[in-house]
1. What's the ranking of 243-253, 6-16, 148-158 by average number of surrounding C-beta atoms within 10 Å, highest first?
2. For the chain, what is the mean residue ellipticity at 222 nm derived from helices alone (per DSSP H run of n ≥ 4: -39500 (n - 2.57); sum divided by total residues; nearest 500 deg cm²/dmol)?
3. From the convex hull of the Cα coordinates of the stretch 177-257, what is the mean projected area in square nanometres?
4. Placing +1 on the Cβ of each Lys and Arg and -1 on the Cβ of each Asp and Glu in the stretch 161-257, which of Trp218, Gln207, Ala172 has its Cα farthest towards the positive end of the resulting dipole?
5. What number, in nm² with one decimal, is the all-direction average of the projected area of the convex hull of the alpha-carbon atoms of the stretch 174-217?
6. With viscosity set to 1.002 mPa s at 20 °C, what whole-number translational diffusion coefficient in µm²/s follows for the stretch 1-143 from Stokes-Einstein and a Kirkwood radius over Cα pairs?
7. With +1 assigned to the C-beta of every Lys and Arg and -1 to the C-beta of every Asp and Glu, and no other charges, what is the dipole magnitude of the chain about the Cα centre in debye, to the nearest 20?
8. Compute, for the stretch 106-236, the length of the dipole vector about the Cα centre, with Cβ point charges of +1 (Lys, Arg) and -1 (Asp, Glu) only. Units Debye, rounded to 20.
Amino acid sequence: MAARTLDGKVAVIAGGGKNLGALVARQFVEAGARGIALHYNSDASRAETERTAAALKAMGADATLFQGDLSVVANNAALFDQAKAHFGQVDIAVNTVGVVIKKPIADVSEADFDRSSDANAKAAFFFLQQAGRTLADGGSIVTIVSSLLAAYTPYYAVYPGSKAAVEHYTRAASKEFGDRGISVNAIGPGPMDTPFFYGQETPEAVQYHSTAAALSGWSKKGLTDIEDIAPIVRFLVTDGWWITGQTIFANGGYTTR
Ligand SMILES: NC(=O)c1ccc[n+]([C@@H]2O[C@H](COP(=O)([O-])OP(=O)(O)OC[C@H]3O[C@@H](n4cnc5c(N)ncnc54)[C@H](OP(=O)(O)O)[C@@H]3O)[C@@H](O)[C@H]2O)c1
């Protein structure tokens, strides 16, 4: 089995400007990546994405910015085309895009369902498709799903429901892209200490989540941290590339199956 490193590699990171995506970007550059194409979605994410790009450049890498709603199929092609035109090649693709909705099934609107399905499932599929078309042989793809895929819980129907599709897309893509040496995996973090998590949780629910994992007592807030997940992404695209077609739950023992 040949060794794989990030030396001189180029990565496209969807949602790469902030939170988990930004830490993945920094760790890729620390490990030797020469170029990162940072995608961001809303205008509100632009300033933070610009700061991340500046930090990557200060570390010696090159970084580009691309804004777009990735549930629009053409935006995935444009994201990868721009990265390939700028850097000459793309080796790695990481998708951290997600939208969370926590509601009783009775209260889920058609708009809620479509928003969840578009950002979590449709965007992930067409990001994978475009990564498959663009990546150099011997590359890797990682998508972030959720530990809720292994939970038995109310109110989280549409969010993990739409992330569940990504598990299958991951398996199918790993099989189809395998003859080109491309590994494809999904990571399911536990409740993670970013603004994404707190938006829909009551204080009581936060209290529950922060004690629910087997290892909660060993974590700062009892939750998953982005620092727990980014090294796993880095591992999957380097030494861990032999792992493919899998969903890895990284959650301190919050859910398991
Ligand atoms: N935090 C948690 O508790 C937790 C737990 C398990 C799994 N996850 C997953 O981890 C990933 C990263 O989450 P995070 O905590 O680091 O929060 P985050 O930074 O808010 O990540 C979500 C990203 O998705 C982007 N996005 C939303 N809709 C989009 C669309 N239609 N097209 C393109 N981009 C879109 C957001 O951009 P804008 O903000 O600009 O819209 C944001 O950059 C997500 O996939 C999430 O589902 C999070």
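1. With the highest mean Cβ count within 10 Å placed first, the list reads 6-16, 243-253, 148-158.
2. Numbers: 9 runs with 101 residues, N = 257.
Rounded to the nearest 500, it is -12000 deg cm²/dmol.
3. 6.3
4. My answer, from the dipole projection, is Ala172.
5. Values: hull surface 20.2 nm².
So the mean shadow area of the Cα hull is 5.0 nm².
6. Values: Rh = 15.4 Å.
The estimated diffusion coefficient comes to 139 µm²/s.
7. 340
8. It comes to approximately 420 debye.
The values are calculated or read from the model by the stated rules, or taken from the named source; none is laboratory data. Predicted model only: the values in this text are computed from it and were never measured. Because the Cβ atoms are built from the backbone with ideal geometry, glycine has one as well, and the counts that use them run over all protein chains shown. Heads up: the accessible areas ignore ligands, DNA and RNA and are worked out on the full protein's heavy atoms, side chains in. Shrake-Rupley method; radii C 1.70, N 1.55, O 1.52, S 1.80 Å.
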